[in-house]
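All of the numbers you see were taken from the coordinates with simple rules; none came from a lab. If you're wondering where the values come from, they're calculated on a predicted model, not measured in any experiment. Cβ placement follows ideal geometry from the backbone for every residue including glycine, while neighbour counts extend to all protein chains displayed.
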Amino acid sequence: MIVYAHRGANRELPENTIEAFRLALELGVDALETDVHLTRDGAVVVHHDATGARTSNVRAPIDSLSLADVRRWNLGFGFRAQSGEGLVNATFRVPTFDELLDTFPGVRLNVDIKPESPAATSAVVDVVRRHRAEERVLLTSFHDSVVAMVREIGYRGETGLARNEVLRLLAAPPGTPRFLLPSGDRAQLPLRMGPVELVRPSFVRRLQRLGYKVDFWVVNDPADAARAREAEADGIMTDDPRRIVGVAASA
């Protein structure tokens, strides 16, 4: 079972920063999970929210700003460690997607394309191809139109299932032929949907028999990590690699 660092080791350092990703890898994760947006001047940047309000007290949307504008944000502004402590006299910048791929060559990435935008989707695929990184970068999105475009333009790497694709998959009766099910390689699911517990061996095996890898998010409780491992899930995403990596690797 592989462990993805969800936005890096974001319990210890500001999310989606080179520093948080580097710490996560030092703590033993197998892959990095992150999010991307497109700036006004066409740069792909690594950030979860559409604005910097939560992370850096900048309310303007990323797509209305230049790369230079976004690079001036200090992501340490909104950070609080688990202890409640903030950061003093420390600067954490928004990385570009190019920078992330350059800094961690060979590292597997799970990239969520946030905008529902053909321009953003095309730009993200172009960055991956320019780095010849399709074999290590899974592209996904909540938006069906985004993952559909990624596949339609011939992306050779893995793709995740969009939100509605996941719902279609979960609603499909047993025995549904694979060609009637969503395209894509990995079903990335919450631990539960309402009262329904998804971390069950029978459920995981059913999706795997249909040809999907099964990942769960966001797993920050060691007990949940152990359950996912026992259910033979293919991966889990965590905010807290320091607590979770060892449990995921336990026999």
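Name every residue in the range 177-202 that is touching a residue at least 24 places away in the same chain (Cβ under 8 Å) and not basic (K, R), in order of residue number. Even if it seems obvious, please write down each step before you answer.
Taking the range 177-202 and keeping what is touching a residue at least 24 places away in the same chain (Cβ under 8 Å), we get 178, 181, 183-191, 199-201.
Residues satisfying the conditions are L181, S183, G184, D185, A187, Q188, L189, P190, L191, V199, P201.
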Can you pull out every residue in the range 221-245 that is over 30 Å from L181 (Cα atoms) and touching a residue at least 60 places away in the same chain (Cβ under 8 Å)?
D239, D240, P241, R242, I244, V245
Of these, T121, T159, which one is β-branched (V, I, T) and touching a Gly at 6+ places or on another chain (Cβ under 8 Å)?
T159
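On the basis of being in a helix (DSSP H, G or I), surrounded by fewer than 18 Cβ atoms within 10 Å (Cβ to Cβ) and more than 21 Å from the chain's Cα centre (by Cα), does A68 make the cut?
Details: in a helix (DSSP H, G or I): yes; surrounded by fewer than 18 Cβ atoms within 10 Å (Cβ to Cβ): yes; more than 21 Å from the chain's Cα centre (by Cα): yes.
Yes.
Which of the residues belonging to the range 237-246 are over 19 Å from R163 (Cβ atoms) and in contact with a Phe, Trp or Tyr (Cβ under 8 Å, 6 or more places away or on another chain)?
Within the range 237-246, the first condition is being over 19 Å from R163 (Cβ atoms), and the residues that meet it are 238-246.
Matches in the range 237-246: T238 only.
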Only one of L138, L181, L189, L161 is out of contact with any His (no Cβ under 6 Å at 6 or more places or on another chain), surrounded by fewer than 19 Cβ atoms within 10 Å (Cβ to Cβ) and among the aliphatic types (A, V, I, L, M); which?
L181
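Mind telling me which of the residues R130, R156 ends up being loosely packed, with under 13 Cβ neighbours inside 10 Å, touching a helix residue (DSSP H, G or I) at 6+ places or on another chain (Cβ under 7 Å) and not polar (S, T, N, Q)?
On the way: R130 fails: touching a helix residue (DSSP H, G or I) at 6+ places or on another chain (Cβ under 7 Å).
Result of the check over R130, R156: R156.
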